[in-house]
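**Q** Pasting a structure here, questions to come.
The values are calculated or read from the model by the stated rules, or taken from the named source; none is laboratory data. Remember, predicted model here, so these are calculated numbers, not experimental data. We place every Cβ from the backbone using ideal geometry, glycine too, and count neighbours over all the protein chains shown.
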Amino acid sequence: MPAKATSSEGASDRAAARDAADAPRAETWQSSPPGSMYDYIKVASFSIGPDGLIDQWSRRAAQLFGVTAREAIGKDPIEAFVPAELRERGHRKMAEILDGREWTGVVPFRMPADPSIDPSPTPSPDPSPDPSADAPGGPASERPDVPRPSAERDAWSGAPQPQPGQAHVTGASQTGEAYSARTSQAGETYSGRATQAGETYSGRATQAGETYSGRATQAGETYVARPRRGAPHVTEGIAEVYVMPTETESGERAAVCIVVDVRALRRIETDLAASQAIFGQSPFGFLLFGTDLKVQRANRPFAAVFGGRADDHRGRTVHDYLPRGEADRVQAALRRVLETGEAVTDMQLVGPAPDSAERRHWSINLYRVHSGSGRPIGVAGLATDVTRRHAAAREAAHARRNLALLNEAGARIGNSLDLETTARELLDVVVPGFCDLASVDLYQGLLAGDESALNSRSLADGSAELRRVAAASAVADVPYLEATGGDGAVDVGAVHRYSFNSPCADALRTARPQFVPAAAVTLIQSTLAVPMVAHDTVVGLARFARTKGSEPFNDRDRALAVELASRAAVCIDNARLYRREHERALILQRSLLPPDDPEASGLDIACRYLPGNAATEVGGDWFDVIELPGHRTALVVGDVMGRGLRAAVAMGELRTAVRTLALLDLEPAEVLSALDEIARGLGAPGGPSSAAVGPRGGVQQATRAARRPGDADLSEVYLATCVYAVYDAVTRRCTFANAGHLPPVLVEPGEGALMLDVPPGMPLGVGGEPFEEVEVELPEGSLLALYTDGLVESRDHPLDEGLSAFRSALDDPSPALEDVCDHVLNTLDTHHGEDDIALLMARVQGLPAEAVGDWTLPREPKSVGRARELTRDRLTRWDLDALVDTTELLVSELVTNALRYGEGDIRLRLLLDRTLVCEVWDAGLVQPRRRRARDTDEGGRGLQLVGLLSASWGSRRTPRGKTVWFELPLPDGDSTAVDPTEALLSLY
């Protein structure tokens, strides 16, 4: 009989058992790996001496009962572990056992609350025997050489126990020996090895999972550590006990007890039942692969799909179920999961079903399976048939693609009023998203402007001439649609006809799409011929083709092609209507030519205008230079969309409106906002163009006949783009506002041309959006260019290419602006098409500092005299003695008004250029108002006097108040100035 019995000899023995099972030819006497049944079911042993007391206590017993060998040896097992009400019966049984009788039964005993939480105890590295358990002198608690704290008492004598949550650690008797600790609540034993005095030791609670640590002050001392959270309480359990009588060397009766925790057995039974329920009753295919990646177990749903019984699949691999490519992919995933432990979710597989050619789709989830000790024992796989889900997803993907194409078509088709451009926009949408090749043919009569051709007989039977306006190919070997149905390949720009019996001619006649059969020798697999119908009129034909290897067109694709072609046809028809309006606009265009080259303060101006059609002289483009008070200049360039009669009329009305609004001295953004409202009303009943001058000179409203439903197109709102800039010659600052126009270009001395970052607002006539302003300081000698899109854009050259060429032409400009304009037009001669061209250039000169007088006066009465004094001195310096009296009088009136009705300090500014301008600034917001004074009034005649003596006067708002100004012409030999005295007397 061994002196010490245990159910497990350590991790090495378990590993040997496992190796023996896996390799039958290997040596039998080997350690089994962790994870054996003994790690799940705690089997403990201890021996009872002739005196009925425990004399041997295994480590498994310490784990099961939560009592160390030091505490258990020498104790009565009945008194220590059996409840009080059962102890009498226990003593009788113990007497029978010591009398030589074996006994097996189930006995209640005290134990930790849940010992199964630690199914795989981890022994400390290089364990040494428990000195208290094996030492001849008995437990360490009874040995004088091992100190024992007063708090550590006999666990079974009712003495005080350690406080809850504490761990009492007994010290090693010498450096390098093992020490052990026991928690007062969990009752578990922790072990480790102190390498030397003063080192830190640590251990982990096998049940609670908490770490205990402390520092040994010297070998043999007691250490106390506190866990991070409390340990479980001691409770009563049930154990199955097998007692075998033994004898000592002296022949005395003794016994060996084998104890198994019954709760662990019941828990294992429950876990097995739950595992069987999950595995066997799952509606999904379940597989368990071993470490050799072969099937160890399969459930019935999996066998129902792949045939046979569940047991028939044992030993198979994934290559028995899937094609080689997919099987290799799954095999690699299984190996990766087994090695790394990283799960694979929703792995998509495709393969044929057994006894069927139908392709099935599966979703596979893989995860590694571990033993109780954490050792990988295989990979579990869950397979779900998602074939229907894939079919639904494929249908949804087609629907999303079609919706995306329709959305893209709505955003990209129709951005131009050019027929060819609209056709190209359609092809940009469908190739390659919808088809591999496509072309658009439009009726030649429509392109030539012969609308009568749209009602001809040849159009009705599909034999009319068509011109191929656009073609696109996503396949390098098939640049255009190949010969199909007897029709030869057609280049872009060529005029052709479809044979009467061809599917394309049939589509044109019936206005219904047709499938075109593909020739066997071509790369085309499927072709759709779709008529382009707008307002019940066929305007052309669109052809869409897919090459071999692509999915053929189906009914869903045909419906989408009809919708795309219809949208493009409507846009093309709109472009046709705009082209017709352009032809009608030629009647009035001559009367709307831009003015001659204007003059401006602080600017050298040069301009060019070229009509899009050589037979006409004007179009929808315009420019203007408007002089503003204070030696400021408004620069305007605009473009009415369209080329017809209404576009030319709208251009004239907008140009007139711009000049009117500019003279009101509004901010650039306000001017564009007002123009936007005017553009929205152009041609509308009650709008600017609805009034007519009657024979008697009165304004008469349009007659009802002019507003008949048949003339409703006359009330269409025209769109226009415009850039409006105000340049101040004093500060050399220019304020820009943009209504959908191309940005201005600035060339600074010695620098390259750059485009100014002016936010492009919405075009005029759209409405609803405010316009932004940008202020830019223009260096002396810099060149500013405003232009229309006809200069930089054409059918054959995109806008970006034209803008780049325009900037290059402006690099290192000539000193003469006229030469610069000619150079730009000659350079970009190949870049502009049939659109009008307006080009306005201005070189910044600015006013010299000596031509500006600027003073700030305090708000006090004596500032009036100070203003007169400053004015007289500055005019004398400028040799303008003839204007001194008049200017001094008017300055006095304006400064006096600022003192009486304004706010804040007063600013006086005199500007000398081609005229003399005087400005008086203050912070008040109330604008001066001229009124007629009665004979009895003492005041009210100041502004009348200003109006009489000055060439012009006015006021404007500023960001911080207002400015009142007047302008005087410079004296010359022929002009005679108004006598201030006579003017003053004329007011009474």
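**Q** Just to check your reading of the model, which residue among Gly251, Gly237, Gly325 is among the small types (Gly, Ala, Ser) and more than 30 Å from Pro77 (Cα to Cα)?
**A** So the residue among Gly251, Gly237, Gly325 that is among the small types (Gly, Ala, Ser) and more than 30 Å from Pro77 (Cα to Cα) is Gly325.
**Q** If you take the residues of segment 532-557 that are touching a strand residue (DSSP E or B) at 6+ places or on another chain (Cβ under 6 Å) and within 21 Å of Asn407 (Cα to Cα), which of them is modelled with the lowest pLDDT?
**A** Checked segment 532-557; the qualifying residue modelled with the lowest pLDDT is Phe553.
**Q** Test Asp854 against the criterion of being among the acidic types (Asp, Glu), over 30 Å from Leu742 (Cα atoms), within 60 Å of the chain's Cα centre (by Cα) and modelled with pLDDT of 90 or more, and give yes or no.
**A** Yes.
**Q** Could you please give the count of residues in segment 248-288 that are of a type in the set (D, E, K, R), in contact with a Gly (Cβ under 9 Å, 6 or more places away or on another chain) and not in a helix (DSSP H, G or I)?
**A** Residues flagged as of a type in the set (D, E, K, R), in contact with a Gly (Cβ under 9 Å, 6 or more places away or on another chain) and not in a helix (DSSP H, G or I) within segment 248-288 amount to 3.
**Q** If a residue counts only when it is in contact with a helix residue (DSSP H, G or I) (Cβ under 6 Å, 6 or more places away or on another chain), which helices (runs of 4 or more DSSP H) contained entirely in segment 300-413 have at least 3 such residues?
**A** In segment 300-413, the matching helices (runs of 4 or more DSSP H) lie at 324-340, 387-412.
**Q** Starting from segment 419-437, keep only residues that are more than 26 Å from Glu551 (Cβ to Cβ), then list their pairs with residues that are part of a helix (DSSP H, G or I) and basic (Lys, Arg) whose Cβ atoms are within a distance under 8 Å, requiring at least 6 positions of separation or different chains.
**A** Leu419/Arg576; Leu419/Arg579
**Q** Can you confirm whether segment 822-835 contains a residue that is under 30 Å from Glu667 (Cα atoms) and touching a helix residue (DSSP H, G or I) at 6+ places or on another chain (Cβ under 6 Å)?
**A** Within segment 822-835, none of the residues are under 30 Å from Glu667 (Cα atoms) and touching a helix residue (DSSP H, G or I) at 6+ places or on another chain (Cβ under 6 Å).
**Q** What single numbered condition from (1) part of a helix (DSSP H, G or I); (2) more than 20 Å from Thr384 (Cβ to Cβ) fails to hold for Leu293?
**A** Only one criterion is unmet by Leu293, namely (1).
**Q** Quick check: is even one residue across segment 871-888 more than 16 Å from Val964 (Cα to Cα) and under 60 Å from the mean Cα position of the chain (by Cα)?
**A** no
**Q** Counting only residues that are charged (D, E, K, R), more than 20 Å from Asp555 (Cα to Cα) and buried (at least 22 other Cβ atoms within 10 Å of the Cβ), how many does segment 426-452 have?
**A** 1
Yes or no, residue by residue, for (1) of a type in the set (Lys, Arg); (2) modelled with pLDDT under 70:
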position: Ile587; (1), (2): no, yes
position: Leu593; (1), (2): no, yes
position: Leu610; (1), (2): no, no
position: Val618; (1), (2): no, yes
position: His631; (1), (2): no, no
position: Val636; (1), (2): no, no
position: Met641; (1), (2): no, no
position: Arg659; (1), (2): yes, no
position: Leu663; (1), (2): no, no
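**Q** Same structure, new question: Out of Leu880, Leu857, Leu875, Leu899, report the one residue that is under 12 Å from Asp922 (Cα atoms) and out of contact with any strand residue (DSSP E or B) (no Cβ under 6 Å at 6 or more places or on another chain).
**A** On inspection, the qualifying residue turns out to be Leu899.
**Q** Restricting attention to segment 307-326, and to residues there that are within 45 Å of the chain's Cα centre (by Cα) and closer than 13 Å to Gly381 by Cβ, which single residue is surrounded by the fewest Cβ atoms within 10 Å (Cβ to Cβ)?
**A** Thr317
**Q** Here's something else I'd like to know. Hey, can you tell me all the residues within segment 520-530 that are in contact with a Pro (Cβ under 7 Å, 6 or more places away or on another chain) and not hydroxyl-bearing (Ser, Thr, Tyr)?
**A** Gln525, Leu528, Ala529, Val530
**Q** Hey, another quick one. Restricting the first residue to segment 533-554 and requiring it to be surrounded by 18 or more Cβ atoms within 10 Å (Cβ to Cβ), which pairs with a second residue that is assigned to a strand (DSSP E or B) and aromatic (Phe, Trp, Tyr) meet a Cβ separation below 9 Å and a spacing of at least six or different chains?
**A** Partner pairs satisfying both residue conditions: Val538/Tyr443; Val539/Tyr443; Gly540/Tyr443; Phe553/Phe515; Phe553/Phe544.
**Q** Given the condition modelled with pLDDT of 90 or more, crowded, with 21+ Cβ neighbours inside 10 Å, assigned by TED's automatic domain parsing to the domain that holds Gly961 and touching an Asp or Glu at 6+ places or on another chain (Cβ under 8 Å), answer yes or no: does some residue in segment 863-883 qualify?
**A** yes
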